[in-house]
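This report concerns only the one structure given below.
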Amino acid sequence: MNIKLLEAFLAVIDHKTMSAAANRLFTTQPNISFMIKDLENYYSTRLFNRVSKKLYLTPEGIKLEKYARKVMTDFKEMNDEMFRLNKIIRIGSSVTVGQYLLNDYLKKLKSFIQNLEFEVIINNTAEIEKLILNNRIDIAIVEGKINSKNIIEVEILKDELIAVIGQDYPLDGNIKNLSDLELLPWISREEGSHYRNQFEIDMNMRNIHPQIIFRATNLETIIQAVENNYGFAIISKIAAETAIKKQSLKQLNFADYSCPRSIRYIYNKSQDKDQIIFQILDCINNNL
């Protein structure tokens, strides 16, 4: 039997409905229904009764819940112990952090914790959050917005989202206010980054919609496109720092807007007592 069936079963119990369980497990309500049906077929019994649109455990369901929770606890302990024995830490990173900061962080971690090996996943913050919630990675360093209350966030570095344009881009008049960005073509990040980007959320709330000329997932590609005067981009000030210093990019400043943010480490609340995670957090807090 697939342990995912037990995970879905417990999620339905904990979150009361199949749709809420689907949201927690980042899947669809029909998929949760199929998984519960598979579990019922496996044991040849009904696990839930539906009364007035509410789900109630049957006696068989109550019995299965007891064993399912023990199995899932043992499964998590097994995973934690195996990763601890091998000292393999699964670290996630958002794109900007992965490109500009992660290597330095990993070097310091390796010097702080001997014989430590890393498995690194770099993706936009939205995807990293999903992996943290599903315990697919142990800890991550991100700059984007986190929505879940089941994730602990701690700031380690200040940053800012800025609009940049090529040093030689022909600007007709001055760009003074945020709304003036509608005069310029826009080089945008991919969708997963787009809806977690506070700068872009704020533009949308102000009904400011510059024309997107293309999207790219690679930050260096975006920077090169801006340097070649294709349009403006919204990126981390940390990512733009080198190009601004060598004067291939310039920052656009607005009288009516700025977008400070922070680089944070994040981890699942359930990992709060994991010894290796505690060591990593101690290293981050005292050495980074």
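The values are calculated or read from the model by the stated rules, or taken from the named source; none is laboratory data. Quick caveat: nothing in here was measured; it's all calculated off a predicted structure. Reconstructed Cβ throughout: ideal geometry from the backbone, glycine too, with neighbour counts over all protein chains shown.
Points worth noting:
- Subset of segment 241-273 (residues that are without any contact (Cβ under 8 Å) to a residue 24 or more places away in the chain and part of a helix (DSSP H, G or I)): E241, T242, K245
- Spans of strands (runs of 3 or more DSSP E) in segment 149-240 with at least 2 residues under 21 Å from L101 (Cα atoms) and among the hydrophobic types (A, V, I, L, M, F, W, C): 151-166, 232-236
- So I36, is it over 20 Å from K63 (Cβ atoms), buried (at least 17 other Cβ atoms within 10 Å of the Cβ) and not acidic (D, E): no
- Matching residues, segment 107-137, being in a loop (DSSP other than H, G, I, E, B), under 27 Å from S236 (Cα atoms) and of a type in the set (A, V, I, L, M): I137
- Of residues in segment 51-79 being among the charged types (D, E, K, R) and modelled with pLDDT under 90, the one surrounded by the most Cβ atoms within 10 Å (Cβ to Cβ): K76
- Qualifying residue in segment 222-230 (condition: crowded, with 18+ Cβ neighbours inside 10 Å and over 14 Å from W186 (Cα atoms)): no
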